[in-house]
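For reference, the structure discussed in these notes is given below.
The values are calculated or read from the model by the stated rules, or taken from the named source; none is laboratory data. Since the structure is predicted, the reported quantities are computational estimates derived from the model, not experimental observations. Cβ atoms come from the backbone with ideal geometry, glycine included; neighbour counts cover every protein chain shown. Each accessible area value is taken on the protein alone, full model and side chains, heavy atoms only, with ligands, DNA and RNA left out. Shrake-Rupley method; radii C 1.70, N 1.55, O 1.52, S 1.80 Å.
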Amino acid sequence: MNTAGLPRELRLRLAGDFAALRTSSGRLGGRCFHVRYRPNGLGHARLGLAISKRVSKCAVERNRLKRLLRESFRRVRDQLPPVDVVVMAREQAAGLPGAELLAEAAALWQRLAALPPLPSPARA
């Protein structure tokens, strides 16, 4: 079955991957989202999402933000450098229309794509 979703190899799933981004990574920020990125040496970008209850107590709203971010990433993933990216939502993101959130995400992806080439991490 072929789905239009985000394939497993394009998602950050391990706690160690998220921890590595918290300790040593670059940062980008906007009004609604905060992005941490780090080269991964895999040849493609991977996405992780961290949408906390601080953003919205309502699970429906948090899940909406995740769906919008995954779709936005899926559309531009081929234009991004090979990095691991974690997107964190800010409290301002809750309740905004989808078009505004997608525009904010698109601006962050453009800034990420425009970064100078990043050195690949040393693999053990």
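Label segment 14-124 by shape, choosing from rounded, prolate and oblate, from the square roots a ≥ b ≥ c of the eigenvalues of the Cα gyration tensor; if a/c is under 1.5 it is rounded, and otherwise prolate applies when a/b is larger than b/c, oblate when it is not. Verdict is prolate for segment 14-124.
I'd like to verify something in the chain: which complete DSSP H helices, judged by Cα projection on the helix axis, reach 30 Å or more and average at least 0.5 on the Kyte-Doolittle scale?
none
Based on DSSP H segments of at least four residues, each scored -39500 (n - 2.57), the chain has a per-residue ellipticity at 222 nm of -11000 deg cm²/dmol.
Within the listed set Arg46, Arg111, Arg77, the Gaussian network model of the chain (springs between alpha-carbon atoms below 10 Å) gives the highest mean-square fluctuation for Arg111. Close amide H pairs (under 5 Å, H built 1.01 Å from N) link Leu12 with Leu47, Gly48, residues at least 5 positions away or on another chain.
Site pair Leu96 and Arg111 shows an inter-label distance of 1.1 nm when each label is modelled 7 Å from Cα along Cα→Cβ.
Which whole-number value in Å² is the accessible area per residue of segment 1-105, probe 1.4 Å?
Numbers: 5950 Å² over 105 residues.
Counting only protein heavy atoms, the per-residue value for segment 1-105 is 57 Å².
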